[in-house]
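One structure below.
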Amino acid sequence: AKTRALHLCAHSTFDDQDPARSGIQLFRDPLTIHDWRDLTIKADLVVFSSCLSGISKAFHSGSAFGFAHALLGTGTRAFIGSLWPVDDQATLLLMMIFYGQLQTLSPAEALHNAQMKMRNLSQHDVWGLVELLKIKINHPRVRKFVDHHKSWINELDEMSAEELQNLREPRCWAAFVLTGYGFQHI
């Protein structure tokens with residue numbers, strides 16, 4: 001109920017006809033926005049590194065509804081989600097950079113800096129992140145939450161110059177937006 005940060009990396013969907021049916025796939029059945037409204041999450045920051053998790057539907061009444069609104073309504077201070085389908089490799093690298101930046105910056109500043117670093121990502125940067133990933137993944141608490149870690153490491157280690165250039169494209173990293181109060185360091 002009072003975690004500082006909650007990060008979920010999973011598949012998610014947004015139903016623009018009935019936003020309450022939008023969900024994030026954590027179990028066999030997705031947790032819908034309606035389910036999240038029933039939870040009391042008073043985190044300083046909730047991050048859904050998943051497709052379409054930052055979309056909301058605006059209504060004629062002036063209200064809007066989406067994961068961000070549901071979570072902010074339960075006590076979460078800031079929410080980060082994506083506005084379109086995202087690339088898995090780019091999202092992994094962006095989130096690693098984001099959490100490194102979050103050590104000294106506010107969530108808003110950390111997200112901005114991470115996105116700017118993705119714009120100028122070098123092969124040396126990727127190799128550094130892969131080495132960090134190799135270290136972090138050996139921690140037992142981390143390993144049990146990461147599927148197929150060896151394949152992710154191999155893919156990033158063997159990334160071609162063309163693949164790296166693709167990851168620099170804004171379509172790969174600009175989908176993530178912050179909603180809420182992301183200006184305070186957590």
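Numbers at a glance
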read-out: The stretch 26-42, residues that are over 19 Å from F65 (Cα atoms) and either touching a residue at least 40 places away in the same chain (Cβ under 8 Å) or of a type outside the set (D, E, K, R) (or both); value: L26, F27
read-out: Top-ranked residue in the stretch 1-12 [being open to solvent by less than 80 Å² (accessible area, probe 1.4 Å) and either without any contact (Cβ under 8 Å) to a residue 12 or more places away in the chain or not hydrophobic (A, V, I, L, M, F, W, C) (or both); ranked as farthest from G81 (Cα to Cα)]; value: T3
read-out: Only listed residue being touching a Pro at 6+ places or on another chain (Cβ under 6 Å) and either touching a residue at least 12 places away in the same chain (Cβ under 8 Å) or assigned to a helix (DSSP H, G or I) (or both), chosen from F79, F65; value: F65
read-out: Selection count, the stretch 75-131, where residues are over 13 Å from F176 (Cα atoms), aromatic (F, W, Y) and under 12 Å from the mean Cα position of the chain (by Cα); value: 1
read-out: Meets criteria (farther than 22 Å from I186 by Cβ, open to solvent by 40 Å² or more (accessible area, probe 1.4 Å) and within 20 Å of the chain's Cα centre (by Cα)) for L39; value: no
read-out: Complete set of residues in the stretch 42-58 that are buried (at least 17 other Cβ atoms within 10 Å of the Cβ), farther than 18 Å from D16 by Cβ and of a type outside the set (S, T, N, Q); value: A43, D44, L45, V46, V47
read-out: Qualifying residue in the stretch 86-101 (condition: over 21 Å from L129 (Cα atoms) and touching a residue at least 24 places away in the same chain (Cβ under 8 Å)); value: no
read-out: Filtered residue count, the stretch 152-186, keeping only those that are within 20 Å of the chain's Cα centre (by Cα) and either assigned to a loop (DSSP other than H, G, I, E, B) or exposed (fewer than 12 other Cβ atoms within 10 Å of the Cβ) (or both); value: 11
read-out: Candidate set from the stretch 59-74 (those that are open to solvent by 20 Å² or more (accessible area, probe 1.4 Å) and among the small types (G, A, S)); member that is farthest from the chain's Cα centre (by Cα); value: S61
read-out: When residues of the stretch 42-57 are limited to those that are under 25 Å from M95 (Cα atoms) and charged (D, E, K, R), the one nearest to the chain's Cα centre (by Cα); value: D44
read-out: Pairs where the first residue, in the stretch 112-133, is farther than 17 Å from D87 by Cβ and at pLDDT 95 or above and the second is open to solvent by less than 90 Å² (accessible area, probe 1.4 Å) and part of a helix (DSSP H, G or I), C-beta under 7 Å, 6+ apart; value: N113/Q101
read-out: Residue list for the stretch 15-34, filter: in contact with a Leu (Cβ under 9 Å, 6 or more places away or on another chain) and part of a loop (DSSP other than H, G, I, E, B); value: S22, L26
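The values are calculated or read from the model by the stated rules, or taken from the named source; none is laboratory data. The structure displayed is predicted, hence computed values, not measured ones. We place every Cβ from the backbone using ideal geometry, glycine too, and count neighbours over all the protein chains shown. SASA here: full protein model, heavy atoms, side chains in, ligands and nucleic acids out. Shrake-Rupley method; radii C 1.70, N 1.55, O 1.52, S 1.80 Å.
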